[in-house]
Structures are given as structure tokens and as C-alpha cells.
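**Student:** Dropping the structure in here first, questions after.
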Amino acid sequence: MADRAAPAQSGVPNLVKTPQQLRTLTAGWRKADGVVGLVPTMGALHAGHRSLIAAAQKACDRVVVSIFVNPLQFGPGVDYPSYPLQLEADLEQLGQLGIDACYNPAVETLYPKGFATRVLVSSGGDLWEAASRPGHLVGVATVVAKLFAATGPCRAFFGDKDAQQVVVVSTLARDLDTGVEVVVCPTVREPGGLAASSRNQLLSPAGREAAQSLSRALINAGEMFASGVVSGAELAKAAAQVIDLEPGARLDYAAVVDPVDFQPVETATSNSRVMVAAKVEAVRLIDTALLGSPPHPSN
Ligand code: AMP
């Protein structure tokens, strides 16, 4: 592996604003036989993002973190305007983490007037996030295809928390001959079990408490499965009940699904995936785990 540059004390060595600049930079890294790691984010960096960055730094010679709040993946009137932005603090943090470049294009750079392409990946199913947030996964696939095109062959790191997104980006990485290897990283949780998310900072302290019902729902389903219940419908109902019992949370869905096509399963196995989504205050949250490896109750 090529030598990694010494971590900067503060600031990021390369702040890249256009796909052309990124392509030139990563081509140079690959020419020196370096393996390039890409960590796509929407910023407001938290422990989940940091775990992806750490995994990329371990597995790659050079790491680029993208920060781009992608308007295409938000529904009309949904939380795009309120999505947390903290670029200065993020860059400071990325500098301290010793990453090699941050790709932070403007919206007009990625979507100039006349932009007319959408990437539709017909895997990941048409339920759950696909149904609750029409257009969301197309928006994700479109921006990720652009990030892959600008970065070139690399390893790209994504979180298991966004399980349908993982299937969509893995499929497009393969189908579009990108030369990108998708690496999936486990969900990082706060004490109390709440999955780290940029949106958590929009919650009040009471909201944070209520939001813990999502991980409790996963734990409950996992415990029932461990005690011998295998009916997918029953397990999903048990997960839903945990969230329904929390006055501060409004359930969107709770499901026990096949991990590849996201169809509900009749008979669950340890590989079946529990998926939950709920609104707490004005914030929509999702969480997921395999039935056989639910979050640890002491989290
Ligand atoms: P976002 O900035 O929310 O678009 O997330 C960027 C990446 O971080 C995605 O691949 C997410 O799946 C991943 N991610 C978000 N939250 C977590 C978490 N709690 N643990 C691990 N990865 C996460």
C-alpha cells in the first residue's frame, strides 16, 4: 500500500468542488497504486460516519469523504430545508481524522440547468422506504452514480442502517460497470440504543427518549425470535407494539423481511431483517437489524 500522508492538524488537504477535480485527484492516487476509499455523506458528521471513515482508512490508501445534501432524494416539502448543515465543523473534524480529500460540490455543479438523468434500480423492493418516500431511492441512486463516476474505481463505504439503500447502490455499482466495491458497515448507536443520525440533533431531550423505542422494537423482535417465535407477522406486530406504546413516536412501519428483496417473510430466520420507521417530533427515523443480531439491550 502507498504511504498515507500525515494527518493534517486541522483542515482537509484537498477540498474538491467539481467532478473534474475529483477525477484528476483520484486518478493520480490510483496511478501511484493506491486504493481509493469513498465515504458518501450528507454531512453533520456523527459517530456512524466516523466508523465508515475509520473502516475506509483501514482498508484503503487514500480516503475521500463527500459532503453533499442531495435535493433529489428528499420528497417535495419534506425536510430538505431543515436538514442540518455544519460544513465548517465537518471540515475541521475531517482534518483531525486525517482524511485525504473532501468532495463538496454545489447543487448547481451536480445538477446544472438541463440535468435530465435519473438512475432507477429495480432492486431493493418497492416497499418500506421506497413506498414511504416516493422518489427517494431514485434520488440516492442518481447521486451515488455521479459520485462513483467522479471518484472512479474505489471501495465505497455505506451503513447497514440504510439497508434498502445498500442494495440499490450495490446493484448499480455492479450493473453500471463502475469498478466500485461496496463495503457495508454496522450501525453505530448512542448509549440507550438510538442509531446515530444527523437528524438526531433536531430532537429535544424528550424526543431522544421517545426515539429509543425504535431500537427497543428491534430488540423485542430479536428476543421473541430467540425464544422460538418464527412467524414474520407476529414478530413484526411485536416490534410495532413497542413503538405504538411510546406516546412520543408515531409508527410508519414495522416489518420482518427477506434481506435481499425486502418482501415480508412468513417464516423468519436469523437472517431475516426487522425494519422500523417512525416519526418523533418532526423527525422521521429508521432503524433495522437482522433478527439473529439485534442491538445489544445494554446499549
Ligand atoms: P447520511 O449522511 O445520513 O446520508 O449517511 C451517510 C452514510 O453513513 C450512509 O452510508 C449511512 O448509511 C451511514 N450511516 C448513517 N448513520 C449511521 C450509523 N448510525 N451507523 C453507521 N453508518 C451510518
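**Student:** Inspect the range 221-229 for any residue being among the hydrophobic types (A, V, I, L, M, F, W, C), touching a strand residue (DSSP E or B) at 6+ places or on another chain (Cβ under 6 Å) and surrounded by 17 or more Cβ atoms within 10 Å (Cβ to Cβ) and give the result as yes or no. Lay out the reasoning, then the answer.
**Tutor:** Step one: of the range 221-229, the residues among the hydrophobic types (A, V, I, L, M, F, W, C) are 221, 224-226, 229.
Okay, now just the ones that are also touching a strand residue (DSSP E or B) at 6+ places or on another chain (Cβ under 6 Å), so 221.
Retained after the next criterion (residues that are surrounded by 17 or more Cβ atoms within 10 Å (Cβ to Cβ)): 221.
Yes, the range 221-229 has at least one match.
Matching residues to (1) open to solvent by 20 Å² or more (accessible area, probe 1.4 Å); (2) outside any helix (DSSP H, G or I); (3) among the aliphatic types (A, V, I, L, M); (4) more than 14 Å from the ligand (Cβ to nearest atom):
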position: Gly43; (1), (2), (3), (4): no, yes, no, no
position: Gly48; (1), (2), (3), (4): no, no, no, no
position: Ala54; (1), (2), (3), (4): yes, no, yes, no
position: Gln57; (1), (2), (3), (4): yes, no, no, yes
position: Leu72; (1), (2), (3), (4): yes, no, yes, no
position: Asp79; (1), (2), (3), (4): yes, yes, no, no
position: Pro84; (1), (2), (3), (4): no, yes, no, no
position: Glu88; (1), (2), (3), (4): yes, no, no, yes
position: Leu94; (1), (2), (3), (4): no, no, yes, no
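**Student:** Out of (1) within 16 Å of the ligand (Cβ to nearest atom); (2) open to solvent by less than 40 Å² (accessible area, probe 1.4 Å); (3) farther than 17 Å from Pro294 by Cβ; (4) in contact with an Asp or Glu (Cβ under 6 Å, 6 or more places away or on another chain), what's the single condition that is false for Arg199?
**Tutor:** All conditions pass for Arg199, except number (4).
**Student:** Count, please, the residues in the range 96-129 that happen to be without any contact (Cβ under 8 Å) to a residue 40 or more places away in the chain and either open to solvent by less than 40 Å² (accessible area, probe 1.4 Å) or in contact with a Pro (Cβ under 8 Å, 6 or more places away or on another chain) (or both).
**Tutor:** Qualifying residue count, the range 96-129: 1.
**Student:** Go over the candidates Pro191, Pro186, Pro205 one by one and state the one that is within 11 Å of the ligand (Cβ to nearest atom), out of contact with any Phe, Trp or Tyr (no Cβ under 7 Å at 6 or more places or on another chain) and either charged (D, E, K, R) or open to solvent by 40 Å² or more (accessible area, probe 1.4 Å) (or both).
**Tutor:** Pro186
**Student:** What are the residues in the range 134-189 that are of a type in the set (S, T, N, Q) and without any contact (Cβ under 8 Å) to a residue 24 or more places away in the chain, if any?
**Tutor:** Ser170
**Student:** Hey, does the range 244-259 have a residue that's within 16 Å of the ligand (Cβ to nearest atom) and either within 29 Å of Ser123 (Cα to Cα) or of a type in the set (Gly, Ala, Ser) (or both)? Can you show your working first?
**Tutor:** Step one: list which residues in the range 244-259 are within 16 Å of the ligand (Cβ to nearest atom), which gives 259.
With either within 29 Å of Ser123 (Cα to Cα) or of a type in the set (Gly, Ala, Ser) (or both) added as a condition, the list becomes 259.
Checking the range 244-259: at least one residue is within 16 Å of the ligand (Cβ to nearest atom) and either within 29 Å of Ser123 (Cα to Cα) or of a type in the set (Gly, Ala, Ser) (or both).
**Student:** Right, another one. So, in the range 15-73, how many residues would count as being hydroxyl-bearing (Ser, Thr, Tyr), under 19 Å from Pro105 (Cβ atoms) and under 18 Å from the mean Cα position of the chain (by Cα)?
**Tutor:** Count: 2.
**Student:** Would you mention how many residues in the range 101-127 are under 21 Å from the mean Cα position of the chain (by Cα) and assigned to a loop (DSSP other than H, G, I, E, B)? If you could, list the steps in order and put the result at the bottom.
**Tutor:** Residues of the range 101-127 under 21 Å from the mean Cα position of the chain (by Cα): 101-107, 110, 118-127.
Applying the additional criterion that residues be assigned to a loop (DSSP other than H, G, I, E, B) yields 104-106, 118-127.
Summing the residues that are under 21 Å from the mean Cα position of the chain (by Cα) and assigned to a loop (DSSP other than H, G, I, E, B) in the range 101-127 gives 13.
**Student:** If we keep just the residues of the range 250-274 that are part of a strand (DSSP E or B) and touching a Gly at 6+ places or on another chain (Cβ under 9 Å), which is surrounded by the fewest Cβ atoms within 10 Å (Cβ to Cβ)?
**Tutor:** Taking the range 250-274 as the starting set, the residues that turn out to be part of a strand (DSSP E or B) are 250-257, 264, 267, 273-274.
Pick out the ones that are also touching a Gly at 6+ places or on another chain (Cβ under 9 Å) and you get 255-257, 264, 267, 274.
Working: Ala255: 23, Val256: 26, Val257: 23, Pro264: 16, Thr267: 9, Val274: 27.
Looking at the filtered set, the residue picked out is Thr267.
**Student:** Tell me which residues, restricted to the range 20-40, are assigned to a strand (DSSP E or B) and open to solvent by less than 10 Å² (accessible area, probe 1.4 Å).
**Tutor:** Val36, Gly37, Leu38, Val39
**Student:** While we're on this one: How many residues, within the range 134-179, are open to solvent by less than 40 Å² (accessible area, probe 1.4 Å), more than 12 Å from the ligand (Cβ to nearest atom) and either part of a strand (DSSP E or B) or of a type outside the set (A, V, I, L, M, F, W, C) (or both)?
**Tutor:** Residues meeting the conditions: 6.
**Student:** Determine, yes or no, whether Ala233 is of a type in the set (A, V, I, L, M), open to solvent by 30 Å² or more (accessible area, probe 1.4 Å), without any contact (Cβ under 8 Å) to a residue 24 or more places away in the chain and out of contact with any helix residue (DSSP H, G or I) (no Cβ under 9 Å at 6 or more places or on another chain).
**Tutor:** No; evaluated as a whole, the condition is false for this residue.
The values are calculated or read from the model by the stated rules, or taken from the named source; none is laboratory data. On a predicted model such as this, the values are computed, not experimentally measured, just so you know. All Cβ positions, glycine included, derive from the backbone under ideal geometry; neighbour counts span all protein chains shown. Heavy atoms of the whole protein, side chains included, go into the accessibility calculation; ligands, DNA and RNA do not. Shrake-Rupley method; radii C 1.70, N 1.55, O 1.52, S 1.80 Å.
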